[in-house]
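The values are calculated or read from the model by the stated rules, or taken from the named source; none is laboratory data. This is a predicted model, so every value here is computed, not measured. Positions of Cβ are backbone-derived with ideal geometry, glycine not excepted, and every protein chain shown enters the neighbour counts.
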Amino acid sequence: MKIIFLGAPGAGKGTQAEKIAEICSIPTISTGAIIREAIKTGTEMGTAAKAYTEKGALVPDEVVIGIIKERLANDDCKNGFILDGFPRTVPQAEALDELGVKIDYVVDIDVDDADIVERMGGRRVCEACGMSYHIKYIPTKDNKTCDKCGAKLIIRKDDQPETVLERLKIYHEQTEPLKAFYAAKGILKSVDGRGDIAQITESILKSIKA
Ligand code: AMP
């Protein structure tokens, strides 16, 4: 099963990808998480990506295509995977086609902009393991530390209100055209991303018939 999760930043792609990945026993590949880790450890790619990510811009296509190419070559991708946050532009989707990757489903998690802004304001991530929470919708025991590893929760730099609006603008301009790209291939599934997390997981499973 090879699945792409589409949707605005904060639509719940990461949260749902983790759940579906566990159910289907396939890995989740998040280009955002790979980039954040590279920034944290100070690799050459991380240093190059930092300025783009912090201001809410997209990292250049050739960089993220390189990341995906390397990651998909890993053994754990043999039986399938979920792509969370890739592709985000039409050239990235075309690059995936050129790599010969045959995607089964593209799940678009639909949430309107006003809800996105509210969600991003409450998002917290673990500074050590990257696990994502929300102070209201996915709280931890104390909303200060990670339930999984106990490290401190922080607000992502790119979740600041001005940056969120910039990311939404980029999403509409550059990522949303991918809906038509994949609808034309007959593999686009749209799911309502509002409401209960478990209910959304159910809708996704139904749409991919897992
Ligand atoms: P995410 O965690 O998916 O919201 O990604 C965080 C940030 O990483 C984005 O705002 C971009 O700066 C960068 N990024 C992640 N995936 C991509 C991608 N496919 N193309 C370009 N930039 C990306």
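Somewhere in segment 141-159, is a residue over 24 Å from ILE39 (Cα atoms), surrounded by fewer than 19 Cβ atoms within 10 Å (Cβ to Cβ) and within 16 Å of the ligand (Cβ to nearest atom)?
There is no residue in segment 141-159 that is over 24 Å from ILE39 (Cα atoms), surrounded by fewer than 19 Cβ atoms within 10 Å (Cβ to Cβ) and within 16 Å of the ligand (Cβ to nearest atom).
Applying the selection to segment 60-102, what residues are near the ligand (Cβ under 10 Å from one of its atoms) and part of a strand (DSSP E or B)?
Those that are near the ligand (Cβ under 10 Å from one of its atoms) and part of a strand (DSSP E or B): LEU83, ASP84.
Quick one: would you say GLY46 is more than 10 Å from the ligand (Cβ to nearest atom) and closer than 23 Å to GLU166 by Cβ?
yes
Got a number for residues in segment 75-124 being among the β-branched types (Val, Ile, Thr), surrounded by fewer than 20 Cβ atoms within 10 Å (Cβ to Cβ) and within 24 Å of ILE26 (Cα to Cα)?
Count: 2.
Please go through segment 103-120 and give me each residue that is modelled with pLDDT under 95 and either under 15 Å from the mean Cα position of the chain (by Cα) or within 15 Å of the ligand (Cβ to nearest atom) (or both), ordered by number.
The answer is ILE116, VAL117, ARG119, MET120.
I'd like to verify a number: residues in segment 103-133 that are closer than 20 Å to ILE204 by Cα, outside any loop (DSSP other than H, G, I, E, B) and out of contact with any strand residue (DSSP E or B) (no Cβ under 8 Å at 6 or more places or on another chain), how many?
Residues meeting the conditions: 2.
All but one of (1) closer than 24 Å to ARG88 by Cβ; (2) outside any strand (DSSP E or B); (3) touching a residue at least 12 places away in the same chain (Cβ under 8 Å) hold for LYS189; which doesn't?
Condition not satisfied by LYS189: (2).
Count, please, the residues in segment 33-71 that happen to be in contact (Cβ under 8 Å) with a residue 40 or more places away in the chain, out of contact with any Lys or Arg (no Cβ under 9 Å at 6 or more places or on another chain) and surrounded by 16 or more Cβ atoms within 10 Å (Cβ to Cβ).
2
Residue pairs, Cβ under 7 Å, 6 or more apart or interchain, first in segment 73-91 and under 14 Å from PRO9 (Cβ atoms), second of a type in the set (Phe, Trp, Tyr). List them.
As it stands, the answer is ASP84/PHE5, since those pairs meet every condition given.
Could you tell me which numbered condition ILE35 fails, if it satisfies all but one of (1) more than 10 Å from the chain's Cα centre (by Cα); (2) at pLDDT below 95?
That leaves (2) as the condition not met.
What is the number of the single condition among (1) within 16 Å of the chain's Cα centre (by Cα); (2) within 15 Å of the ligand (Cβ to nearest atom); (3) buried (at least 19 other Cβ atoms within 10 Å of the Cβ) that ILE200 does not meet?
Of (1) within 16 Å of the chain's Cα centre (by Cα); (2) within 15 Å of the ligand (Cβ to nearest atom); (3) buried (at least 19 other Cβ atoms within 10 Å of the Cβ), only one is false for ILE200: (2).
Taking LEU178, is it more than 14 Å from the chain's Cα centre (by Cα), buried (at least 20 other Cβ atoms within 10 Å of the Cβ) and touching a residue at least 60 places away in the same chain (Cβ under 8 Å)?
yes
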